[in-house]
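One structure below.
The values are calculated or read from the model by the stated rules, or taken from the named source; none is laboratory data. In this text the structure is predicted, and so the values were computed from the model without any measurement. We place every Cβ from the backbone using ideal geometry, glycine too, and count neighbours over all the protein chains shown.
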């Protein structure tokens, strides 16, 4: 079977039937005695079957035509032409149907391909957009991380500047306080030295006054033995002088004790351990500590601490 016959089987069979129709006039005349109605029915059957695609009846149309009478109704040749035309129309219709079917298949395949391409395109677009979104998120994250890092560096720099400024100001304040403390210590040491010297002088004067008063009292008592009336008066006066000297000595001792206590409380350069031995001797004189000249510096400190309690 040829490609044309495989594509259009109905038209091929119909055309074959038309070709097989007998065309011999003498043969037709021999069949003239056949009834006219049979001829009409056969012709009608040929036209009807051609339009309906019944090829087998068209092939056997000669059997019905042999009974047709010449000159009655449509001629056989005309009927054959009509049959051929109908077959051609059927073939053309089949061609159009096949072409339409092929076109429909092509369009269906194209629609399927288009749908598949659209799906793939959507998948590609989705994948591409997902990648772009991920890239934008990553870029935004990197930018945010960079901003955070920059903010951290700026904050650390600002904090370091504040710390350094406060440290410098603190060192300045500390240096000022240290200088003031050193000045105060020097002043206290100087004043302590002056006070120690003053107390020692007061103690010396008190001792001299006591000695003078005692000498006067002794002389008064000696004179009292010679002159009772005058001696009694002079003795009373001497006792008053001795009492006054003792009061001066007591005040000097109390002042020395107070100064020693203040020195002990200060704990600055006025601390007893920081005093020179001469300063300690002056304080010992003011306190009336006996045996002070033979004491070491540490012994003087202990004696002064004991006297100030």
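Numbers for the structure displayed
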{"item": "Criterion (in contact with a helix residue (DSSP H, G or I) (Cβ under 9 Å, 6 or more places away or on another chain) and either surrounded by 10 or more Cβ atoms within 10 Å (Cβ to Cβ) or closer than 30 Å to residue 282 by Cα (or both)) met by exactly one of 188, 159", "result": "188"}
{"item": "Check on residue 124, in a helix (DSSP H, G or I) and not assigned by TED's automatic domain parsing to the domain that holds residue 276", "result": "yes"}
{"item": "Test result for residue 167, without any contact (Cβ under 8 Å) to a residue 12 or more places away in the chain and part of a helix (DSSP H, G or I)", "result": "yes"}
{"item": "Flag for residue 224 being surrounded by 11 or more Cβ atoms within 10 Å (Cβ to Cβ), modelled with pLDDT under 80 and under 60 Å from the mean Cα position of the chain (by Cα)", "result": "no"}
